[in-house]
Amino acid sequence: MNESNWSYHADLSVDSRGIATLKIANAKSLNILGTPVIKSLQRALAEVAANPEVRVLIMRGDGDKAFVAGADIKEMAEFDAPKARAFIDELRRLCDAVRDLSVPVIARIPGWCLGGGLEFALACDLRIGSDEAKLGMPEVKVGIPSIIHAALLPRLVGQARSNWLLLTGEVIDAREALSYGLLDRVVAPSELDNEIDRVASLMAGYGPAVMAQQKRLLREWEQEPLETSILNGVEEFAQAFDTGEPQRYMGEFVRAKQNKH
């Protein structure tokens, strides 16, 4: 991919509130992840990471048929093992780029979210879907295992549900995905963008330092023993006061309470 044309597959915008929207573009009607799309999204996410004005990222596909309906099977059908390794490592890097952002990321899931697309969604912090969304990990049906960020599934939904999704390849609807914990919120299609904007606006109004700190802690808690996380939290709490954000937001809270009286 030419460094200068990454925006062909990745439409990035940032509004006055610091809410960025990264839309997958020109990736077929179901927003399929092929190599050019993956590399374009990597470049766009690097732009997000480097922009201090961004407070929240909304990750979405083009249209309402899908978030991402999977990786490009037509491309993968021609792979040998070295090509397969290179391809999946680029997808891993894409998911890691989302996961490692210091700002919260919301996945907009209006329809299909399958395979590599669900792995991409799992790398996001919040997943908000319409009640027409359909999620699944059907890779076994085409002869490959679900890997990379599918490894997050047992932590998120438990071993039994992960076994079902990964071994049967069955697709589940939005309500079942909500009960699993794969989706955090389900709304009518007509309310999807309003709800995502509401949540994004809420988080954009918080201090960027504390949001980055909370995201980092959430990642650490996935790996550390409980006792370590609790003890480390004492120092993290103290360090928050070096940023000035607690003084600002707590001061505003106290003044608002005083004004009510």
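The values are calculated or read from the model by the stated rules, or taken from the named source; none is laboratory data. Note that the structure is a prediction, hence the values are computed from the model and not measured. When we count neighbours, we look across all protein chains shown, and the Cβ atoms used for this are built from the backbone with ideal geometry, even at glycine.
Couple of notes before you dig in:
- Considering the conditions (1) assigned by TED's automatic domain parsing to the domain that holds ALA69; (2) farther than 15 Å from SER130 by Cα; (3) within 22 Å of the chain's Cα centre (by Cα), PRO189 is excluded by exactly one of them, (2).
- Residue match in region 25-45 (condition: part of a helix (DSSP H, G or I), in contact with a strand residue (DSSP E or B) (Cβ under 6 Å, 6 or more places away or on another chain) and either touching a residue at least 40 places away in the same chain (Cβ under 8 Å) or among the charged types (D, E, K, R) (or both)): yes
- Region 210-229: number of residues that are more than 18 Å from the chain's Cα centre (by Cα) and either within 19 Å of CYS124 (Cα to Cα) or assigned by TED's automatic domain parsing to the domain that holds VAL105 (or both): 2
- Count of region 218-256 residues which are assigned to a helix (DSSP H, G or I), in contact with a helix residue (DSSP H, G or I) (Cβ under 6 Å, 6 or more places away or on another chain) and not charged (D, E, K, R): 4
- The lone exception for ILE58 - which of (1) within 27 Å of PRO189 (Cα to Cα); (2) in a helix (DSSP H, G or I) it fails: (2)
- Subset of region 3-19 that is in a strand (DSSP E or B) and without any contact (Cβ under 8 Å) to a residue 60 or more places away in the chain - its residue that is surrounded by the fewest Cβ atoms within 10 Å (Cβ to Cβ): SER13
- For region 1-48, a residue qualifies if it is farther than 18 Å from ARG92 by Cβ and among the hydroxyl-bearing types (Ser, Thr, Tyr), and the qualifying residues are SER4, SER7, TYR8, SER13, SER16, THR21, SER29.
- Any hit, region 72-87, residues being of a type in the set (A, V, I, L, M), surrounded by 15 or more Cβ atoms within 10 Å (Cβ to Cβ), out of contact with any Leu (no Cβ under 8 Å at 6 or more places or on another chain) and under 16 Å from LEU126 (Cβ atoms): no
- In region 77-97, the residues that are modelled with pLDDT under 95 never reach a residue that is not in a helix (DSSP H, G or I) with C-beta atoms less than 6 angstrom apart, at least six apart or across chains.
- Qualifying positions in region 30-67 - surrounded by fewer than 18 Cβ atoms within 10 Å (Cβ to Cβ) and under 20 Å from ILE128 (Cα atoms): ASP62, GLY63, ASP64, LYS65
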